[in-house]
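J.: First, the structure itself, so that you have it in front of you.
The values are calculated or read from the model by the stated rules, or taken from the named source; none is laboratory data. Source: prediction; values computed, not measured. No Cβ is skipped: glycine too gets one built from the backbone with ideal geometry, and neighbour counts run over all protein chains shown.
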Amino acid sequence: MTTNSSATLERPKAGSATSSAPLLRVRDLTTRFRTDRGTITSVDHVSFDVAAGETLAIVGESGSGKSVTSLSIMRLIAAPAGRIDEGEILFEGQDLLKLSDAQMRQIRGNRIAMIFQEPMSSLNPGLTIGKQVAEPIQLHQGKTWKEAYQDAAELLARVRIPDAANRLNTYPHQFSGGMRQRVMIAMALACRPRLIIADEPTTALDVTVQQQVLDVLKELTRETNSALILITHDLGVVARYADRVAVMYGGRIVETAPALPLYGEPKHPYTLGLMASIPRLDGDPHQRLVPIEGQPPDLSRMPPGCAFAPRCKYAIERCRAERPPLTDVGAGHLKACFVEV
Ligand SMILES: Nc1ncnc2c1ncn2[C@@H]1O[C@H](COP(=O)(O)OP(=O)(O)O)[C@@H](O)[C@H]1O
Ligand SMILES: [Mg+2]
């Protein structure tokens with residue numbers, strides 16, 4: 001024990017023992033719904049990490065479990081039909097599944113913010129943009145109305161809304177879709193969250209506007225060193241934003257890798273199929289796009305083996321009998337597939 005004052009100053013703060021651990025660590029997350037077709041497993045033993053400053057893209061066709069994954073992290077799965085049955089969601093070393101509702105409310109919108117696809121459903125059409133952005137700042141940060149209003153103007157300028165200060169008095173319907181989504185980003189960032197979950201934030205926008213909005217989102221998360229989970233059904237959109245990609249199919253992660261190897265050398269037939277079905281930004285404009293044949297799996301009647309086997313041209317007998325586990329094939333590249341493609 002030392003009484004040296006500099007040693008006292010350098011004493012680690014509570015919680016910093018876990019500072020090298022990822023900001024978010026999801027382990028075996030399993031979320032089920034009781035439906036009239038029986039119990040379905042929408043998210044099935046999903047595990048991933050996101051570090052501070054990192055962008056994880058979660059990609060997969062509609063119905064693959066992306067939104068249920070993000071709603072589970074936010075603990076917004078509506079009981080009693082929906083339930084998180086298994087797993088851990090460690091955020092800053094704390095299991096969110098063990099927190100009380102009141103503790104979770106403190107984290108939601110504050111430490112973890114969410115941006116949804118349809119900004120119109122999250123914005124109040126009857127209130128000015130300025131009021132809607134300033135209010136949570138005043139509430140959470142104990143600022144005066146004037147200060148909060150100034151912060152709101154700054155935030156809108158940071159998401160590059162032209163003439164931001166003068167647009168505080170306008171209403172959501174006076175904004176374009178892209179501008180409304182920028183307002184949502186500004187609102188999500190207002191409380192300086194450590195983690196932002198953006199669920200198909202630009203799906204309703206045209207490609208150019210999508211890119212502008214994602215550029216702003218990426219730039220601001222980089223500046224604030226916050227983590228970003230970017231959810232999309234479009235593998236093409238996220239290529240330039242993700243550090244790591246997780247591909248979901250039928251409620252499971254079937255492949256995950258750092259973005260470059262995932263795009264350069266996809267190892268799961270489903271990922272290959274997704275790649276062939278999207279236009280490559282760097283590709284030949286006359287390339288032929290090949291959609292994946294067949295339908296996504298019916299979660300109420302999952303096959304015993306690989307969920308993708310019925311659509312997979314590489315499938316062997318084993319694929320239909322046995323479920324392939326997610327296995328490390330080297331350099332942080334994991335795939336759930338028995339076949340080499
Ligand atoms: N509240 C709910 N009740 C019953 N089933 C649900 C509910 N929410 C989602 N699901 C089902 O869970 C599966 C995954 O949905 P979701 O995560 O929304 O997919 P996506 O990847 O398109 O975001 C789908 O089959 C969907 O029908
Ligand atoms: Mg969704």
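J.: Within the range 77-106, restricting attention to residues that are at pLDDT below 95 and closer than 22 Å to M187 by Cβ, which residue is nearest to ligand 1 (Cβ to nearest atom)?
T.: The residue in question is R105.
J.: Next up: So which pairs qualify, if the first residue must be in the range 39-54 and more than 16 Å from A81 (Cα to Cα), the second must be of a type in the set (G, A, S) and not in a strand (DSSP E or B), the Cβ gap must be under 6 Å, and the two must be at least 6 apart or on different chains?
T.: D44/G251
Conditions tested, residue by residue: (1) closer than 23 Å to N225 by Cα; (2) more than 16 Å from ligand 2 (Cβ to nearest atom); (3) assigned to a strand (DSSP E or B).
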site: S42; (1), (2), (3): no, no, yes
site: L56; (1), (2), (3): yes, no, yes
site: T69; (1), (2), (3): yes, no, no
site: E86; (1), (2), (3): no, yes, yes
site: I89; (1), (2), (3): yes, yes, yes
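J.: Need the failing condition index for I161 against (1) in contact (Cβ under 8 Å) with a residue 60 or more places away in the chain; (2) touching a Lys or Arg at 6+ places or on another chain (Cβ under 6 Å), just the number.
T.: (1)
For every residue, the table says whether it meets (1) β-branched (V, I, T); (2) in contact (Cβ under 8 Å) with a residue 12 or more places away in the chain; (3) outside the structural domain of T31 (by TED's automatic domain parsing).
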| site | (1), (2), (3) |
| --- | --- |
| V245 | yes, yes, no |
| I253 | yes, yes, no |
| L260 | no, no, no |
| C312 | no, yes, no |
| A315 | no, yes, no |
| D328 | no, no, no |
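J.: Also: In the range 243-259, which residues are within 17 Å of I278 (Cα to Cα) and more than 15 Å from ligand 1 (Cβ to nearest atom)?
T.: Scanning the range 243-259 gives a single hit, A259.
J.: List the residue pairs whose Cβ atoms are under 9 Å apart, where the first residue sits in the range 104-119 and is aromatic (F, W, Y), the second is assigned to a strand (DSSP E or B) and away from ligand 2 (no atom under 15 Å from the Cβ), and the two are 6 or more positions apart or on different chains.
T.: none
J.: Just for the range 71-84: of the residues that are farther than 22 Å from A307 by Cβ and surrounded by 15 or more Cβ atoms within 10 Å (Cβ to Cβ), which one is farthest from ligand 2 (Cβ to nearest atom)? Working first, answer last.
T.: Our first condition is that a residue be farther than 22 Å from A307 by Cβ; within the range 71-84, this holds for 73-76, 78-81.
Next cut, surrounded by 15 or more Cβ atoms within 10 Å (Cβ to Cβ) only: 73-75.
Details: I73: 13, M74: 13, R75: 17 Å.
The qualifying residue farthest from ligand 2 (Cβ to nearest atom) is R75.
J.: In the set C337, C306, C319, which member is part of a loop (DSSP other than H, G, I, E, B) and without any contact (Cβ under 8 Å) to a residue 60 or more places away in the chain? Spell out how you get there, then give the answer.
T.: Values: C337 fails: without any contact (Cβ under 8 Å) to a residue 60 or more places away in the chain; C319 fails: part of a loop (DSSP other than H, G, I, E, B).
Just a single option satisfies the conditions, and that option is C306.
J.: Please work out which residue is farthest from E200 (Cα to Cα), limiting yourself to the range 105-152 and to residues that are among the β-branched types (V, I, T) and in contact with a Ser or Thr (Cβ under 8 Å, 6 or more places away or on another chain). Write out each step before concluding.
T.: Residues of the range 105-152 that are among the β-branched types (V, I, T), as a first pass: 107, 112, 115, 128-129, 133, 137, 144.
The next check asks that each one be in contact with a Ser or Thr (Cβ under 8 Å, 6 or more places away or on another chain); those that pass are 128-129.
On the way: T128: 25, I129: 22 Å.
Applying the filter and picking the extreme gives T128.
J.: Looking only at the range 206-234, which residues are among the hydrophobic types (A, V, I, L, M, F, W, C) and away from ligand 2 (no atom under 16 Å from the Cβ)? Break it down stepwise before answering.
T.: Taking the range 206-234 first, the residues among the hydrophobic types (A, V, I, L, M, F, W, C) are 207, 209, 213-214, 216-217, 220, 227-231.
Once the filter is applied, which keeps residues that are among the hydrophobic types (A, V, I, L, M, F, W, C) and away from ligand 2 (no atom under 16 Å from the Cβ), the range 206-234 yields V207, V209, V213, L214, V216, L217, L220, A227, L228.
J.: For L23, which of the numbered conditions (1) within 16 Å of ligand 1 (Cβ to nearest atom); (2) at pLDDT 95 or above fails to hold?
T.: Condition (1) is where L23 drops out.
Let's see how each residue does on (1) farther than 25 Å from R27 by Cβ; (2) within 19 Å of the chain's Cα centre (by Cα):
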residue: V247; (1), (2): no, yes
residue: H268; (1), (2): no, no
residue: S277; (1), (2): yes, no
residue: C306; (1), (2): no, no
residue: P310; (1), (2): yes, no
residue: P324; (1), (2): no, no
residue: V329; (1), (2): no, no
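J.: Give the residues of the range 170-226 that are within 16 Å of ligand 1 (Cβ to nearest atom), modelled with pLDDT under 90 and surrounded by fewer than 22 Cβ atoms within 10 Å (Cβ to Cβ), sorted by residue number.
T.: Those that are within 16 Å of ligand 1 (Cβ to nearest atom), modelled with pLDDT under 90 and surrounded by fewer than 22 Cβ atoms within 10 Å (Cβ to Cβ): T203, A204.
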